[in-house]
Amino acid sequence: MSDKKNPKNSTANTPERRNPREPARLTLAELVVALLSAERALDSLASILDSLASILDSLVMLLQILL
């Protein structure tokens, strides 16, 4: 059978198969995007942790006043 009659045998529109044992390979652009996303996530986490530290400081001061 030809590829036109049996689309299951056609490889024109199928993604390239990757060996699961090989590490994933990223393009430079994908790597840059991933690093920028990670940087934004870490900045957000740092901001949240700063806010929590401020809240804890306020709670400690309140406890010192009450005790």
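Here the 3J(HN,Hα) profile of region 28-39, calculated from phi with Karplus coefficients 6.51, -1.76 and 1.60 at θ = phi - 60°, is 4, 5, 5, 5, 4, 4, 5, 5, 5, 5, 5, 5 Hz, Gly and Pro shown as x. Restricting the calculation to Cα atoms, every distinct pair contributes to the Kirkwood radius of region 25-67, found to be 12.8 Å.
Every number here is computed from the coordinates shown, using simple stated rules; none is lab data. Here the structure is a predicted model, which is why all the values come from computation and not from measurement.
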